[in-house]
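My questions all concern the structure below.
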Amino acid sequence: MTKSTSTLNAGDPVISLHNVSKWYGQFQCLHNVSLDVGKGERVVVCGPSGSGKSTLIRCINRLEVHQEGQIVVKGLEMTDNIKSIDAIRRNIGMVFQNFNLFPHLTVLENLTLGPTLTRQMKKADADELAMHFLRKVRIPEQAQKYPLQLSGGQQQRVAIARSLCMEPEIMLFDEPTSALDPEMIKEVLDTMIELAQSGMTMIVVTHEMGFARTVADNVVFMADGRKIESAPPEEFFGNPREERTRAFLDQILKH
Amino acid sequence: MTTASPQFPAALPAYDPLARISAGDWLKKNLFGSVWQGLLTLITAAIFLRFAWFVLDWGVINAVWYTSDPDVCRAAAGACWAVIVEKHRPMLFGLYPYDEHWRLVLMMAIYLVTIVVSLMPRNWNLRLLVPLWVIAVVSIGVLMFGGVLGLRYVPTSEWGGLPLTMLLFTGTVLFGMPVAVLLALGRRSPLPVARGVSVVFIEALRGVPLITILFVAVNVFPLFLPAGVEVNKLLRITIGIAIFFACYQAEVIRGGLQAIPRGQYEAAASLSLTYWQTTRRIILPQALRICLPAITNHIIAAMKNTSFVIIIGLFDILTATTAVMQDPLWRKFYVEAYLFVAGVYLFFGYALSLYARKVEGWIASGRI
Amino acid sequence: MLDANPAYRQRPSRRMRDILYSESFRTAIYQIALAGAVGLLGLFLYQNVIENLQRQNIATGFGFLREISQFEIGETLIEYSSRDTYFRALVVGLLNTLKVSAAGIVLATLVGFCVGIARVSNNWLLQRIATGYVEIVRNIPVILQVIFWAAVIRNLPAPRQALDLWGTGFLSNRGLTVATPASDPAHLWMILAFVAGVALMVAGDRWAKRHREATGRHVDILWPGLALIVGLPLLVWLAFGAPHAISFPERKGFNFAGGSTVSPEFVALMTGISLYASGFIAEIVRAGIQATPKGQVEAARSIALRPRFIMRYVVLPQALRVIVPPLTSQYVSLIKNSSIAVVVGYPDLVNIGNTVMNQTGQAVEAIAVMMLVYLIVSLVTSTLMNLYNRLVAIKER
Ligand SMILES: Nc1ncnc2c1ncn2[C@@H]1O[C@H](COP(=O)(O)OP(=O)(O)O)[C@@H](O)[C@H]1O
Ligand SMILES: [Mg+2]
């Protein structure tokens, strides 16, 4: 997996992890993970709870700090340089399991906070942009409400719209549907599928195997902080190579 | 330092997780993370060490531990702990007749044994506690008042010191807790009149300082009683502090009551339990467990609040110490004396909060 | 519960037994009984008071407030002498209560915020020291602390040997005497300039917000604003020819001349009640800082907000909601704690009320006046707090 190009070409990965390791104290939760994600590629990460999926994608926008290996996003290496962290974060949107909307701001203010403060947009433009994305996630009528007045599914769609308002090239999703009731999962997945069809680069941690089958270009299976296997969905679901993958799929697909 | 290429040249130096716990790294992480951190640590450490050295130098190295001659203390550069040795009896026992102090020592022993025994869950059955408390109350009463068994009679106006603080505190909690529960229930009652009475009572008393309530207990309360009826001043004051305590505690308990889900009331109703059955068996046990930490805080506050009696002239441990410090020979060593009193309060406060933490543990593990 | 049965309810006429067993009847009976008991108790107490007062020949009513007090007060904010009325004496006391409380609140807030922030510092040493401070200060009775500080001041040297505070003032058993600028008309204008500076900063903040909304450009008014607040008074001072005469205290006989002095009672009381409160305020601040969930900051980071914007728009608004209500009730408790002034002889409302009570014998009225004043302070504060809470409440379903 050695690359020797010095400028970013069309086919190059936008996100590239090389032997990334991370420790919490003495506990190693990522073991030499390598991963390449090309432009417009959609990667689904799955694996048992505690396997390091969240940690992995949180390292990509430096909500966590890795100790070994390298992470390169759009040709910029992730170091502790504030400028490059800032630049990388502007390019990456992130959606959390428990939404993390700002409860003291209206839905509209949640959406315009980033554009006005970090992208120096006029309020009118930011409002327009926000409404555009609220329409995209199909809840423009909720703009003046506060997050906690919405259902879980609506909140998660607001969170997606909030990330989109930064007009990122890459979106990270950390189990976006795990905190939702079954009837709300579909509305969020539909939004994500539309996003995928629009050509967004996405890394999605999820156990929704239907979603993985429909949109993923690649499915990555993790266990115990290691990348066990990675394959296109047909191959991954039809003919998994590793015993652990098979056991995991058996368990998850039985339900 | 950005590399504008997805190249992977030399890897980062190998990371050794075990190295993280070395003493050097602990220091780096917790004390010297950055230049500012380091500077802050150095300044804090300098001030702290200076202070610690002063305490050691003054309180131990140059201190006088035992002498009955204040001039020895005056000559020394350090603390005069001898003032506590010399004056411990008036400080601990106040105005109580000097020759009868042994009765107070005995009383405190009985008191502490009773309390400690009562606080242990394995003793929580009425067959043990009722006789224990009857014996304790009677013997403490006999010891304090005297007048029987050849003991000299001592009126309450001569009681004082630590025993008085203990009695005030115990009386406050024993009398205040039931009142607090009633007020809290009243405030959540389905009866509007009960709600109204409780709200006005609680809010009015929480709105005024404790001193004004003590003034009422001392100066106004006697006017409320019919001619010829008198209530002992110590008792009036205890009731005053207790009611003040109850109003704050009632608000805490109300918080606990509010945390009980509706389903509990509905389940009790479906078993056709009455209001009092539901309250006593279902609601209160849960509510009190929920708000135990806050209850403890107010109990500790009640102990501190007993010191307010200095203003109306009861001789608790603080008043007694302040009076002792009028002695021109020893007056100079007030810091040592007040530190001793502060230590007594800190000790009992700490013991209470330790016990409360234990109880919280028992609750969490389902033992009680 | 039988009420709930529709068949039962539809019965045309209720028999006596049905009424007796109905829940609404029971409720009404309980309430009437309770109200009656409370009323009777009140009447009983009232009659006793009236009889007792008559027997002891004590006047009733608030007429005594117009009588001459015949006592002096050591420390007054308004003009007062022993030939003034009790009413004026009580007003002097109230003003003294407000004075010591205001100073105490400022000191308690400063110390409390510093210790609270140190409590969550990632500097291990600082955090430990702050924790120790909080535990000690909160668990020693406030009266003991006040008495302790009073004793400290009483044992300071007399003015002749007063501790010299590097030429700026003296600390002695007569209190704290510090150098102050000699009175000058410029001072009034400087205060006005300061107020104008604050107003301009607020206006600037509004303008910056509108500007940002219109153009998208963020203008930082923090430093210009602070410069205005400091600079305007400075300019005024220069315009008045920089009057720099300072009245330095000097030892003179048994006391000081020049400077301004705060009394030992004031210093002891203020130090005691504010350090006591600072321990509680520190805990409130710590809770407030820790109240904003980690996820909020992470979400803000993931939309690339800069740290100061995260502080200003995400953390602070949520922390203040947690901090302000309990902080206010700490302020109210500090005001109430100032009522222990009598142990050090500071002439606050309760101390003077106590004197009035002893002179006139009208305990009921004197205590009622004291209680009423504190009650009003408490009720006004809690009303304002409820308003604030309703205003900033996070809207949920
Ligand atoms: N802040 C943390 N401190 C210590 N250990 C952590 C922390 N966060 C996660 N871990 C541990 O790291 C491992 C991976 O966690 P995570 O990435 O959240 O797993 P996943 O998202 O796959 O469930 C788990 O064993 C977890 O206990
Ligand atoms: Mg996870």
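Which of (1) polar (S, T, N, Q); (2) over 30 Å from C:GLU51 (Cα atoms); (3) modelled with pLDDT under 90 does C:ASN358 not meet, given it meets every other one?
It fails just one condition, (2).
Scanning for something near ligand 1 (Cβ under 9 Å from one of its atoms) and part of a helix (DSSP H, G or I), does the range A:18-33 turn up at least one residue?
Checking the range A:18-33: not a single residue is near ligand 1 (Cβ under 9 Å from one of its atoms) and part of a helix (DSSP H, G or I).
Exactly one of (1) within 16 Å of ligand 1 (Cβ to nearest atom); (2) open to solvent by 50 Å² or more (accessible area, probe 1.4 Å); (3) within 19 Å of A:GLY93 (Cα to Cα) is unmet by A:ARG226. Its number?
(3)
Taking A:ARG90 as the residue in question, decide whether it is crowded, with 20+ Cβ neighbours inside 10 Å and either within 14 Å of chain C (Cβ to nearest Cβ) or within 16 Å of ligand 2 (Cβ to nearest atom) (or both).
Here the answer is no, as A:ARG90 does not meet what is asked.
May I ask you to list the residues in the range B:268-287 that are small (Gly, Ala, Ser) and in contact with a Leu (Cβ under 9 Å, 6 or more places away or on another chain)?
If the condition is that a residue be small (Gly, Ala, Ser) and in contact with a Leu (Cβ under 9 Å, 6 or more places away or on another chain), then B:ALA287 is the only one that fits.
If we scan the range A:171-184, do we find a residue that is away from ligand 2 (no atom under 16 Å from the Cβ), touching a helix residue (DSSP H, G or I) at 6+ places or on another chain (Cβ under 6 Å) and either of a type in the set (Phe, Trp, Tyr) or assigned to a helix (DSSP H, G or I) (or both)?
Checked the range A:171-184: at least one residue is away from ligand 2 (no atom under 16 Å from the Cβ), touching a helix residue (DSSP H, G or I) at 6+ places or on another chain (Cβ under 6 Å) and either of a type in the set (Phe, Trp, Tyr) or assigned to a helix (DSSP H, G or I) (or both).
Of the residues that sit in the range C:211-223 and are within 9 Å of chain A (Cβ to nearest Cβ) and on the phi < 0 side of the Ramachandran plot, which one is most open to solvent (accessible area, probe 1.4 Å)? It would help to see each step written out before you state the result.
First, the residues of the range C:211-223 that are within 9 Å of chain A (Cβ to nearest Cβ): C:212-218.
Adding the requirement that they be on the phi < 0 side of the Ramachandran plot leaves C:212-215, C:217-218.
Details: C:ARG212: 30, C:GLU213: 55, C:ALA214: 61, C:THR215: 49, C:ARG217: 138, C:HIS218: 65 Å².
Among those residues, the one meeting the criterion is C:ARG217.
If a residue has to be open to solvent by 50 Å² or more (accessible area, probe 1.4 Å) and aliphatic (A, V, I, L, M) to count, how many in the range C:191-210 make the cut? Steps first, please.
Let us first name the residues in the range C:191-210 that are open to solvent by 50 Å² or more (accessible area, probe 1.4 Å), namely C:191-192, C:194-195, C:198-200, C:202-203, C:205-207, C:209-210.
In the following step, the residues that additionally are aliphatic (A, V, I, L, M) were identified as C:191-192, C:195, C:198-200, C:202-203.
Number of matching residues: 8.
Checking the structure you have, find out if any residue of the range A:160-168 is open to solvent by 60 Å² or more (accessible area, probe 1.4 Å), closer than 24 Å to A:ASN91 by Cβ and within 12 Å of another protein chain (Cβ to nearest Cβ).
Start the filter on the range A:160-168 by keeping residues that are open to solvent by 60 Å² or more (accessible area, probe 1.4 Å), which leaves A:167.
With the extra rule that they be closer than 24 Å to A:ASN91 by Cβ, the set shrinks to A:167.
Adding the requirement that they be within 12 Å of another protein chain (Cβ to nearest Cβ) leaves A:167.
Checked against the condition, which is being open to solvent by 60 Å² or more (accessible area, probe 1.4 Å), closer than 24 Å to A:ASN91 by Cβ and within 12 Å of another protein chain (Cβ to nearest Cβ), the range A:160-168 yields at least one hit.
Could you please give the count of residues in the range B:332-365 that are part of a helix (DSSP H, G or I) and open to solvent by 50 Å² or more (accessible area, probe 1.4 Å)?
Residues meeting the conditions: 13.
Which members of the range B:30-55 meet the condition of being surrounded by 14 or more Cβ atoms within 10 Å (Cβ to Cβ) and part of a helix (DSSP H, G or I)?
Filtering the range B:30-55 down to residues surrounded by 14 or more Cβ atoms within 10 Å (Cβ to Cβ) leaves B:30-33, B:37-38, B:40-41, B:44-45, B:48.
Of everything in the range B:30-55, those that are surrounded by 14 or more Cβ atoms within 10 Å (Cβ to Cβ) and part of a helix (DSSP H, G or I) turn out to be B:ASN30, B:GLN37, B:GLY38, B:LEU40, B:THR41, B:THR44, B:ALA45, B:PHE48.
Have a look at A:VAL204, A:VAL220 and point out the one that is touching a helix residue (DSSP H, G or I) at 6+ places or on another chain (Cβ under 8 Å), more than 14 Å from chain C (Cβ to nearest Cβ), of a type in the set (A, V, I, L, M) and within 16 Å of ligand 1 (Cβ to nearest atom).
Being touching a helix residue (DSSP H, G or I) at 6+ places or on another chain (Cβ under 8 Å), more than 14 Å from chain C (Cβ to nearest Cβ), of a type in the set (A, V, I, L, M) and within 16 Å of ligand 1 (Cβ to nearest atom) holds for just one of A:VAL204, A:VAL220, which is A:VAL204.
State all residues of the range B:139-170 that are surrounded by fewer than 19 Cβ atoms within 10 Å (Cβ to Cβ) and over 28 Å from C:PRO141 (Cα atoms); if no residue qualifies, say none.
B:SER139, B:VAL142, B:PHE145, B:GLY146, B:GLY147, B:VAL148, B:LEU149, B:GLY150, B:LEU151, B:ARG152, B:TYR153
Which of the following residues is within 15 Å of A:ALA159 (Cβ to Cβ) and surrounded by fewer than 18 Cβ atoms within 10 Å (Cβ to Cβ): A:ASN81, A:ASN98?
Only one candidate qualifies: A:ASN98.
If we only count helices (runs of 4 or more DSSP H) wholly inside the range C:284-397, which ones have 3 or more residues that are assigned by TED's automatic domain parsing to the domain that holds C:LEU90 and either small (Gly, Ala, Ser) or exposed (fewer than 15 other Cβ atoms within 10 Å of the Cβ) (or both)?
Output list reads C:294-302, C:316-337, C:363-392.
Name every residue in the range B:292-331 that is buried (at least 21 other Cβ atoms within 10 Å of the Cβ) and acidic (Asp, Glu), in order of residue number.
Matches in the range B:292-331: B:ASP316 only.
Check off (1) outside any helix (DSSP H, G or I); (2) touching a helix residue (DSSP H, G or I) at 6+ places or on another chain (Cβ under 7 Å); (3) without any contact (Cβ under 8 Å) to a residue 60 or more places away in the chain for C:PRO157 and give me the number that stays unchecked.
(2)
Of the conditions (1) within 19 Å of the chain's Cα centre (by Cα); (2) away from chain C (no Cβ under 14 Å); (3) at pLDDT below 90, A:THR79 satisfies every one except a single condition; which number is it?
Here A:THR79 clears every test but (1).
Could you please tell me which pairs satisfy a Cβ distance under 8 Å, a separation of 6+ or placement on different chains, a first residue in the range C:230-249 that is open to solvent by 60 Å² or more (accessible area, probe 1.4 Å), and a second residue that is in a helix (DSSP H, G or I)?
C:VAL230/C:GLY197; C:LEU235/C:ALA193; C:TRP237/C:ALA186; C:TRP237/C:MET190; C:PHE240/C:PRO185; C:PHE240/C:ALA186; C:PHE240/C:TRP189
Which of (1) facing another protein chain (nearest Cβ under 9 Å); (2) closer than 24 Å to C:GLU396 by Cβ does A:THR118 not meet, given it meets every other one?
Result: A:THR118 passes all but (2).
Something else: Tell me, yes or no, whether the range C:226-241 has at least one residue that is farther than 30 Å from A:LYS123 by Cβ and in a loop (DSSP other than H, G, I, E, B).
Yes, some residue in the range C:226-241 is farther than 30 Å from A:LYS123 by Cβ and in a loop (DSSP other than H, G, I, E, B).
One line per residue, one yes/no per condition, for (1) at the interface with chain C (Cβ under 10 Å from one of its Cβ atoms); (2) within 18 Å of the chain's Cα centre (by Cα):
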{"position": "B:SER272", "(1), (2)": "yes, no"}
{"position": "B:LYS304", "(1), (2)": "yes, yes"}
{"position": "B:TRP330", "(1), (2)": "no, no"}
{"position": "B:ILE368", "(1), (2)": "no, no"}
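Turning to a different aspect of this structure: Mind listing whichever residues of the range A:109-132 are under 22 Å from the mean Cα position of the chain (by Cα) and surrounded by fewer than 20 Cβ atoms within 10 Å (Cβ to Cβ)?
Within the range A:109-132, A:THR118, A:ARG119, A:HIS132 qualify.
Another one. Of the numbered conditions (1) in contact with a helix residue (DSSP H, G or I) (Cβ under 8 Å, 6 or more places away or on another chain); (2) modelled with pLDDT under 90; (3) over 30 Å from C:TYR331 (Cα atoms), B:ASN219 satisfies every one except a single condition; which is it?
Against the list (1) in contact with a helix residue (DSSP H, G or I) (Cβ under 8 Å, 6 or more places away or on another chain); (2) modelled with pLDDT under 90; (3) over 30 Å from C:TYR331 (Cα atoms), B:ASN219 comes up short only on (3).
Filter the range A:35-63 down to the residues that are within 14 Å of chain B (Cβ to nearest Cβ), farther than 26 Å from A:THR214 by Cβ and either within 16 Å of ligand 2 (Cβ to nearest atom) or open to solvent by less than 30 Å² (accessible area, probe 1.4 Å) (or both) and list them by number.
Across the range A:35-63, the qualifying residue is only A:CYS59.
Suppose we keep only residues that are facing another protein chain (nearest Cβ under 8 Å) and at pLDDT below 90 within the range B:332-344. Which one would you say is farthest from B:ASP69 (Cα to Cα)?
B:VAL335
The values are calculated or read from the model by the stated rules, or taken from the named source; none is laboratory data. Bear in mind that the values here come from a model prediction, so they are computed numbers and not experimental data. Positions of Cβ are backbone-derived with ideal geometry, glycine not excepted, and every protein chain shown enters the neighbour counts. Protein only, heavy atoms only, side chains kept; ligands, DNA and RNA dropped before computing areas. Shrake-Rupley method; radii C 1.70, N 1.55, O 1.52, S 1.80 Å.
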